[in-house]
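Worksheet: one structure, shown below.
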Amino acid sequence: MTSGPLRLDAVKTEADVIVIGAGPGGSAAARYLASEGFSVIALEKSRFPREKVCGDGLTPRAVRELQLIGLPTPREEGWIPNRGLRMIGGGHRIEFPWHDLESFPNYGLSLPRAQFDHRLAEHARAAGADVREGWHVDAALRDDSGAGLDGGGRVVGVVARPVDEAGKKGDSVEFRAPLVISADGVSARIALGMGIERKPKRPMGVAVRTYFTTPRHEEEWMEGHLEIWDGERGRSNLLPGYGWIFPLGDGTANVGLGTLSAKGTPSKLDHRALLRDWLEHSAQDWELGEQVGEVKGAAIPMAFNRQPHYVPGMMLVGDTGGMVNPFNGEGIAYAMQAARRATEAAVAAREARSDIERERALRSYARMMKDDLGGYYSLGRVFASLVDHPTVMKVCTRYGLPRPLVMEFVSRLLADVYEPRGGSWADRLLATLTRIAPAA
């Protein structure tokens, strides 16, 4: 951050990579790239710490990403470990511990997003990335002399404006780099400005959340409720989605719910009313006390619902590319995974010996993401279509939850935590299904 008037003529405006946004995907990309010796400027429109609509709970997949990027997670700094998922629905209340696997840790974590994003941004700075807060990116810069998306020219930078503490925007500044990483979140303004539209009939979620005080704030289970009704309880339809209570160890829990639209059509549901009704009937045992902060909501882009993930000169990372898991609504793990892959492609491009090889290396990012997640996200689209039917939701909650053999597989499927090679019968089955499913 700066103090006093910002001298635009003194602002560095060129780098090897410009990153738009400093959320999990943007900060992870900035950290990885800086660690590889790239000069990086990351432009974040807000100032830390800042809130984001999120459950604040991290599965073992996300914990593994934190381990890979080297971010410490000590409990004394607010990181609260959890042992697994407690699922409630259909008259059942069952706990599913995280599996002991070679590929993932056997625990999850919780930390409020306001703290999480700030710490990851500082982690990027510690590696040498230039993370700048209070910069609003307006558009991509394109060079018409280079081939780009739909003949519009190669992306060679961005146009951004500084934003002061009062929210007033200053004069435009051009930032230039051979590679731009767009990690500006669900709004995807830069991608949209280039004509990269959301794919129709891809799953889309809506979530609302707030915080409550609770005496159970140190409990080491993430709790999910699978019965969200669209009217009178027991006499209306079960909605595809779930409610959650994730303890944060600071006297509070993150409390919220999300619903899923299989075809990505905007929901007309009053999610705040749904949250009130669910809490009134289903959360008494948590002894929720004072509400801390207002109820906030957001859309959740899923299953690669915005593509292509690479256009000449620019990569889409995280929510910008619709990289949220359609099974459970998790986005942090996949944004950070995309940041790793983007860095691998950038390193390969730097080592290329010709422009053609360099562009081929950058394009490999989109292929890697499809190879990593395309099959699993296609399964997620099928899942979303099935649970869109209230009868299917009712059968799953009433008859599926209490069957250990079924849940041995389903718990892995929903959390995306399984051995990609070897492991149990459930691991092998899921790995096979993700391989044979067409890429999303």
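Nothing in this text is a laboratory measurement; each read-out follows from the coordinates by a stated rule. Small disclaimer: the values here were computed from a predicted structure and weren't measured. Ideal geometry is used to build each Cβ from the backbone, glycine not excepted, and the neighbour counts take in all protein chains shown.
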Extension gain, ILE436 back to ILE94 (0.36 nm per residue minus Cα-Cα distance, nm): 120.0 nm
GLU357-THR213 FRET efficiency (beta carbon distance; Förster radius 45 Å; 0.05 resolution): 0.20
Gain in span if fully extended, ARG83 to LEU192, counting 0.36 nm per residue against the direct Cα distance: 35.2 nm
Burial ranking of peptide ranges 77-87, 403-413, 181-191, 17-27 (average Cβ count within 10 Å, highest at the top): 17-27, 181-191, 77-87, 403-413
Fraction of beta bridges assigned by DSSP in the chain that are antiparallel (%, nearest 5): 75
Whichever lysines have a C-alpha closer than 16 Å to that of LYS45, once near sequence neighbours (fewer than 8 apart) are set aside: LYS168, LYS169
Residue-averaged 222 nm ellipticity for the chain, from DSSP H runs of 4+ at -39500 (n - 2.57), nearest 500: -9000 deg cm²/dmol
Cβ crowding within 10 Å averaged over residues, with 228-238, 36-46 ranked highest first: 36-46, 228-238
Cα convex hull volume per residue for the range 206-360 (Å³): 136
Zone residues, the range 224-252, relative to ASP388, backbone N less than 15 Å from point 7 Å out along Cα-to-Cβ: 239-241
For the chain, average projected area of the Cα convex hull in nm²: 21.3
FRET efficiency, ALA114 to ARG276 (Cβ-Cβ, R0 25 Å, nearest 0.05): 0.55
Computed over the range 167-279, Kirkwood Rh from alpha-carbon pairs, angstrom: 17.4
Within the chain: Cβ-based charge dipole about Cα centre, in debye rounded to nearest 20 (Lys, Arg +1; Asp, Glu -1): 1140
Sum of side-chain charges, GLY297 neighbourhood, beta-carbon under 9 Å (Lys, Arg +1; Asp, Glu -1): +3
For the range 197-273 and the range 162-195, distance of Cα centres in Å: 30
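May I ask which of LYS268/LYS296; LYS201/LYS370; LYS199/LYS296; LYS263/LYS394 have a Cα-Cα span longer than 23 Å here?
Checking Cα-Cα distances, LYS199/LYS296 exceed 23 Å.
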